Structures are given as C-alpha cells and as structure tokens.
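Below you'll find the structure, written out as structure tokens, and then a few comments.
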Amino acid sequence: MKKNYTTTKSHLSVLRKMTLSIFMMGAMSAFAQNAPINFESGGQGANWTWTSFENDANAQLKIVANPNKSGGNTSNIVAKLTPLKTGQPWAGVESKHGADIGKFTLTTANSTVKIMVYKTVKSDVGIKFATASGASTGEIKVPNTKVNEWEELTFNFAGKVGEPSSTDIDQIIIFPDFQARTDSNVCYFDNITFSAGAVTAPTTAAPAPTRPSTDVISMFSNTYTNKTVDTWRTSWSAATLTDLQIAGNDTKKYSSLDFVGIETVGANVLDISSMLYFHVDAWTADLTEFKVKIVDFGADGAFAGGDDKEHQVTLTPKQNEWNSFDIPMSDFTGLTTKKHIAQLIFVGTPPGSGTVFIDNVYYHKTPIIDPNTPQTAAPTPTFASTDVMSLFSNAYTNKTVDTWRTSWSAATLTDVQIAGNETKKYSALDFVGVETLGANKIDASTMTHFYLNAWTPNLTAFKVKLVDMGADGVLGGGNDKEHELTLSAPTLNSWNTYDIPLTSFTGLTTRANIGQLIFVGNPTGAGTVFIDNVLFRKSTVSIKSLNAAKVNIYPNPASDNLTITADKQIQMVTVLNNIGQSVLTMNPDSKVVSLDVSKLTNGVYFIRTTSEEGQTTSKLILD
C-alpha cells in the first residue's frame, strides 16, 4: 500500500505542474500578439470578428481565394473589402477589441508593419492601432504604386514607440482605399507582419546637465527647478506634442514637426540678460536641420508691440544620437534685448514630417572652453607702423586684400573674434589662396620679414607660399617668382609667432608685385588654423654690440641656462630660430632674466629683448 500511495502522490504532483503550465500558457496568450495575419486556415485573421465602418451599407470583409497567385503573393486565401463610392474616404475594417489580435505593446522589435495589397486603383492605404480604452496611435498612410498586382507596403510605427496609445493595443484598423472615390474599388490584402524597424527613438536619456544651478535659468530639465512655462505647444503650432519618459527621464517629443511655439508670457517672461548660452538636448532620426528662434517681447510684454526683438539660428543635428547644443547668446545677433523673453520656437526640416525629442532646455552663464579654439587673442605686434605693410591686423591700418579665400581654395573660411580680436579661421584646410591683385598688389621690396600668428589644434605641418606676379601682374605671365616655405611643426593649442626673413623665400627673387599668399596644412583637408597679424615688416634694428644696447647675455655660447641682464626693465624676451620663427617667449618685466634653453637644438638663434627704450637683437649660439 505504501508503494501505491507514493505512486499516487507522484501523479498528483505531475497533474499540478500540468495545470500550472496550462494556466501560465493561457495567461501568456492573453498578452501575446497574434501574427502574422495571413487569413489561411489554421492561421490568424480568417476566423476573427471583422467589422466594416463608414462604408455606406457597410459591406463586410470577405475571406476569398487569392485573385492572382502568380504574382508576389502565392497564398491561397486573402481578405477582400470593397470600399463603396458612397462610402467615406476613411471607410475600412477593424478587428474586435479584447480578442483577435490579442494584446501587445509597440516596441522597436515589432514597430515595422508590412501588408500586401492588390487593388484596382492607386490610393493611400492606412493602418492604425487602438486600445480597449479607445486610445489610438493614429493612422499611418502609405500609397500603393501598382494596380492589378500584389505589392508589399511598409508602415513605420517606430515613432509611436513609448507613447501611451502604443501600450496594451488590442485592435487593428485597416483603411484599404483612403480617398474620396469616384467609383467603388475592390481591394484585397494579406500577410500583415510585424518586425523590428530602424531606430527612430532614443533608448537612453539625454545626458544630465552638471552646471551649477546658480548659473542656470531652466525651462525643462529633471536636474533643475524649472521656471513656469505657459505652454509647450501654442495653438498656432504645426506639430504634435507628446510628453513621455526615456529611461525614466521626462522628455518632450515633437512629431510631424514644422514649427512649434513655446511661451513664457506675462508674469512668466524670462530675464536672461546675464546668461551666455542657450542649451537644448535634441535627438532625431530624420531631421536634417533644427532651428531655434528666441523672441523678446520688449518692456510692453506684447507681441508685435513695436519693441520686439528676435533671432533664429540654424543647427545641423547628428541623427540617431543625442545632440547637446550650447548656443552662444551672441549668435542671436538680432536679439538685442534679453530681459523679456516670451517665446521659444523650434523649426524642423524637412517641414511637417520630422520628429525630435527634446530635453534640458535652459539658459546658462557657465563659460565653455572649446579645446579646439584659442581662448586668448594673438599677441599684439609692437613694430612701428612706419615699418609695417599689414594685410590683416587690428594693430595697424590694413592694405586692401581682394579675397582671403580664392575660388580655387580647398578650405572653409570663417571670420571670428577671439577675445574681441578679429581672427581668420580656416577649417578643413588643404590649401587656401589669399590674393592682392592689380592696384592692390604688395610692393614688399623694402621689407625684410614676413610675419604672422597661427594657432592650431591639429596641424602637424604648416606651409606658407608667396607669389610675385611680376611687372605684368598676371599669374603665369612668364615673369612670376614664388617660393613655398615649410615651417617647423607648430606648437599645438598655443599661438605660434612666425617672423620669417624674406631671404628664406629663396625662390622669391622679386618682391615688388606680391599678388598671392597661400597657406597649406597637414593633415590634408582635415586641419584647422586660426590666423592673425599677417604683415610684412622691415627691420630697423641691426645686431648691435651688447655694450651699446646695454644688454648682457651670458654664457654665449650656451647649452642649458642663459642669463640676460639690462639697465632697464625687460618687458619681453623672444628667442628666434634662423628662419625667424619664435621658439621661446617670456614676459619677465625684470632687469634680470634666467632662460632655460636646454630643450632647444644646437644652432644659431637670435635673442630679441624689448624694453621701454625699444628692441635689441643679439646673436646666440647653442652648442
């Protein structure tokens, strides 16, 4: 009996496990998506409860034989619906809530929906999904391009992922002929599938800001206390706003974006007069341009009250990643007042079809240091203006230059200001031509040096070419002279001063008709250089005896350390190599200067000392 009892207990255990498994399978099926919908016997769709709508007498869906198995669809059975001439453009058919398709949520794994259609006309086909509460994803429409043959259409619902209406979906709605009809049109459809599509929504939250809250005026961010915003979508906007969460972080989604207005009016206007930057994080899969407009309503607080100021900037976002834009307020050049900010407007390109996710919208005054841009201006030249022919410098009156970027150049020119000083920026630099032609040619025959300042974050080599076009002033006229000089590798991320004797340009045997200056950079086409103080100068200071200049340099020759003494305060010491390039600079403001020259290679150098009495140049030998 004991053995029989044990066997019975074992059978009961098996029965319990089977019952539990059946229950779990039933529970799982209640939340499963029933697909593909192929209308075949034993498949999905044929035995569903389909209901037609807005089709006049509402002729019902029929399950019929495939009208053309020789085409792209070899299925035996398909669905047929005839939208009537007297029906609405949006006549269609829907499955039954709580049954048929099951219950599911749109994710990146099932957001690409495909359907095969066979129609007698070309028109839009629409698909949308709904929940038991009546929430809808809204229809997406795709036109068929063929008639009387099977064609597969693809619907991208990835932009709906994360929206409330995309959770617990239990109904599919199909509009096979979405148009105002002039006749009744027979439509067949089949093989509705769900698969993973392209990523069109972020899966990670925007990076959390780290700037001090005391530097920030925030409109929307989980990191800061936000100011009151009247609306994140004005009534005159052309976009759809959805508030959602990305990885637990509050985010705003604008879809079908043409433009959207955000307002802080009345008591909620923002005084951003002390702010330096506007910040926004934006993620998009399809926008090619993203524009930001800021509007100040003026002291009267009224739009178009006569004292409004505004400006719009255009940004180029990287797709499928978070873009952190910090826009200098100085870029909003038309926004000349900033104490009554009442509107922020986002604009998308292409208009009306793009989607953008927005987070961390705020103004701030934390200085941003760009490692690829100089933070200080180039050193101001101290040559007497009578000894200078300047092409570009805030320190002198400049000669007329025809162009700082010829049409045959391979570089991008941007005029910028560095610490208030006008500067030329060449990016994507291969080579760039600067021209002074005709009446603007440069007669440098009395000059002794070519001088410029250059700052680069990445150039490994920098070349300068000077071209004299001869008396005829024509390039290639037979009397041209030119020479290209390769300068030693520039020191990265600091200003390099080049003071080059014109005698170093050995091929430039005439200098009375300088018509071209060419800069060349390596790596080719990938470098950036900032240029300032481009000039020719003549040296009026010869190498004087040490006693006459009242400057002493010892030891000379030297190897490691050098001492310079003078009877006046030495304001600047510059060590130049034999091609005039500055290799060491100090601003001691002292009568005694100690210089470490151990890192310089052996050779001949020149020490230029500057005091209130002028400059003295002395020869130095390192061995």
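The values are calculated or read from the model by the stated rules, or taken from the named source; none is laboratory data. Treat the numbers as computed from the prediction; the structure is a model and nothing was measured. All Cβ positions, glycine included, derive from the backbone under ideal geometry; neighbour counts span all protein chains shown. Keep in mind that these areas ignore ligands, DNA and RNA; they rest on the heavy atoms of the full protein, side chains included. Shrake-Rupley method; radii C 1.70, N 1.55, O 1.52, S 1.80 Å.
See the values below:
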item	result
Accessible area of the chain divided out per residue, in Å², using a probe of 1.4 angstrom	47 Å²
Alpha-carbon centroid distance for the pair the stretch 226-269 / the stretch 128-184, whole angstrom	27 Å
Electrostatic dipole magnitude of the chain [Cβ: Lys, Arg +1; Asp, Glu -1; Cα centre; debye, to 20]	1800 debye
In Hz, Karplus ³J(HN,Hα) per residue of the stretch 360-373 (6.51, -1.76, 1.60; θ = phi - 60°; x = Gly, Pro)	6, 9, 7, 9, 8, 10, 7, x, 10, 9, 8, x, 9, 9
Options 207, 298, 453, ranked by Cα towards positive dipole end of the chain, top entry (Cβ charges)	207
Efficiency of FRET between residue 486 and residue 210 - r from beta-carbon atoms, R0 35 angstrom, step 0.05	0.20
For residue 133, net neighbour charge (Lys/Arg +1, Asp/Glu -1) across residues whose Cβ lies under 11 Å away	-2
Gyration tensor (alpha-carbon) shape descriptor, the stretch 203-247, a/c threshold 1.5	oblate
Accessible area (Å², 1.4 Å probe, nearest 10) - residue 62	120 Å²
Per-pair calculated FRET efficiency, R0 = 45 Å: residue 621 and residue 446 via Cβ, rounded to 0.05	0.90
Straight-distance crosslink candidates among aspartates and glutamates, where the alpha carbon sits under 20 Å from residue 619 and sequence neighbours closer than 8 are dropped	499, 560, 567, 596
Cα centre as origin, Lys/Arg/Asp/Glu Cβ charges: the stretch 270-410 dipole, Debye	280 debye
Dipole of the stretch 245-355, positive end: most advanced residue of 324, 342, 269 [Cβ charges, Cα centre]	324
Sorted peptide list for 587-596, 356-365, criterion being average Cβ within 10 angstrom, highest first	356-365, 587-596
Karplus (6.51, -1.76, 1.60) ³J(HN,Hα), θ = phi - 60°, over the stretch 95-110, in Hz, Gly and Pro reported as x	7, 8, 4, x, 8, 6, 6, x, 10, 7, 10, 5, 9, 5, 7, 9
Net charge, residue 297 excluded, C-beta distance under 11 Å - Lys, Arg +1, Asp, Glu -1	-4
Gain upon complete extension [residue 401, residue 299; 0.36 nm per residue less C-alpha separation]	32.3 nm
Pairwise FRET efficiency - residue 311 versus residue 141, Cβ, R0 = 30 Å, nearest 0.05	0.20
Carbon + sulfur, % of accessible area of the stretch 251-311 - ligands and nucleic acids excluded, 1.4 Å	50 percent
Amide H within-cut-off set for residue 287, under 5 Å, with H built and near neighbours excluded	355
Fraction of accessible area attributable to carbon and sulfur, the stretch 89-149 (%, probe 1.4 Å)	52 percent
Cα gyration tensor shape of the chain, rounded if a/c is under 1.5, else prolate or oblate by comparing a/b with b/c	prolate
Lys/Arg +1, Asp/Glu -1 at C-beta; the chain dipole; positive extreme among 602, 138, 63	63
Zone of residue 598's modelled label, taken as backbone nitrogen in the stretch 563-588 under 20 Å from a point 7 Å along Cα→Cβ	563-564, 575, 583-586
Sorted peptide list for 402-413, 273-284, criterion being average Cβ within 10 angstrom, highest first	273-284, 402-413
Hydrodynamic radius of the stretch 325-401 per Kirkwood, over alpha carbon pairs, in Å	18.0 Å
Portion, in percent, of the accessible area of the stretch 318-470 that falls on carbon or sulfur, probe 1.4 Å	50 percent
Whole-Hz couplings from phi, Karplus 6.51/-1.76/1.60, listed for the stretch 551-567; x for Gly and Pro	10, 10, 10, 8, x, 8, x, 10, 9, 10, 10, 10, 10, 10, 10, 8, 8
Surrounding net charge for residue 511, when Lys and Arg each add one and Asp and Glu each subtract one, Cβ distance under 9 Å	-1
